[in-house]
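Q: Can you keep this structure in mind? I'll have questions shortly.
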Amino acid sequence: MEVLVQFHVHPSGADLRVLGQLTRSAVRETLVAAGAPGDCETSVLYVHDDEMRRLNAEYRGVDRSTDVLAFAMRESGAAPARDVGAQNEMLGDVVISLDAAARQAASRDHSLRREVAILLIHGALHLVGHDHAGPAAAGCGRARTMRKMERRCMDALLSKMIV
């Protein structure tokens, strides 16, 4: 399971090496818990609010920043996305605004690491088909299922002292 990490932002007071390790651990733990194939790949990109706003406007039609976006390579139940000659199934990309993560961590009185882990778990679950938005998700309990998975993944990270 490969997790590629890129930083288009340098957070003040944050160690990029440590944040990269947290990213790989949180995404792997989440994907394993969600039953993702072992031969999968995902990427995580950290950006500022202005870049997140641009992405949110371009891909979702919402002209404001957000904390996390997930771009799944396939719809739930669709065939795996593999480049010709690639060994791993590409699940998709998670984009996190470190500006938003820092604000949310401060307002919730916990660490940036914990907030980033929450956002990584949320984004990774979207890549494997979990959803929480819209009447279909609410009506069939998918939002509740996603929240349970998020708690289970965070508990696993906490038990391993990753967060």
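Q: Run down 122, 110 and say which single residue is modelled with pLDDT of 85 or more and under 17 Å from residue 66 (Cβ atoms).
A: Just one listed residue meets the conditions, 122.
Q: Going by what's in this entry, would residue 17 be described as loosely packed, with under 13 Cβ neighbours inside 10 Å, over 14 Å from residue 128 (Cβ atoms) and either basic (Lys, Arg) or touching a residue at least 40 places away in the same chain (Cβ under 8 Å) (or both)?
A: yes
Q: Just checking, does segment 70-88 include any residue being under 24 Å from residue 146 (Cα atoms), at pLDDT 95 or above and not in a loop (DSSP other than H, G, I, E, B)?
A: Yes - at least one qualifying residue is present in segment 70-88.
Q: Pairs please, first residue from segment 44-59 and farther than 18 Å from residue 72 by Cβ, second anywhere and among the basic types (Lys, Arg) and surrounded by fewer than 19 Cβ atoms within 10 Å (Cβ to Cβ), Cβ atoms under 7 Å, 6+ apart in sequence or on different chains.
A: Cβ pairs passing all conditions: 53/64.
Q: How many residues, within segment 135-157, are among the aliphatic types (A, V, I, L, M), modelled with pLDDT of 85 or more and farther than 14 Å from residue 31 by Cβ?
A: So the count comes out to 2.
Q: Separate question: Out of 44, 27, 9, 18, I need the residue that is touching a helix residue (DSSP H, G or I) at 6+ places or on another chain (Cβ under 6 Å), in a helix (DSSP H, G or I) and under 20 Å from residue 104 (Cβ atoms). Which one?
A: Going through 44, 27, 9, 18 in turn, the sole match is 27.
Q: Right, another one. Please determine, by comparing only the residues of segment 90-104 that are buried (at least 19 other Cβ atoms within 10 Å of the Cβ) and of a type in the set (A, V, I, L, M, F, W, C), which one is nearest to the chain's Cα centre (by Cα).
A: Checked segment 90-104; the qualifying residue nearest to the chain's Cα centre (by Cα) is 94.
Q: Could you tell me how many of the residues in segment 105-129 are surrounded by fewer than 22 Cβ atoms within 10 Å (Cβ to Cβ), in a loop (DSSP other than H, G, I, E, B) and within 15 Å of the chain's Cα centre (by Cα)?
A: Of the residues in that region, 1 qualify.
The values are calculated or read from the model by the stated rules, or taken from the named source; none is laboratory data. Bear in mind that the values here come from a model prediction, so they are computed numbers and not experimental data. Counting neighbours? That spans all protein chains shown, and the Cβs are built from the backbone with ideal geometry, glycine included.
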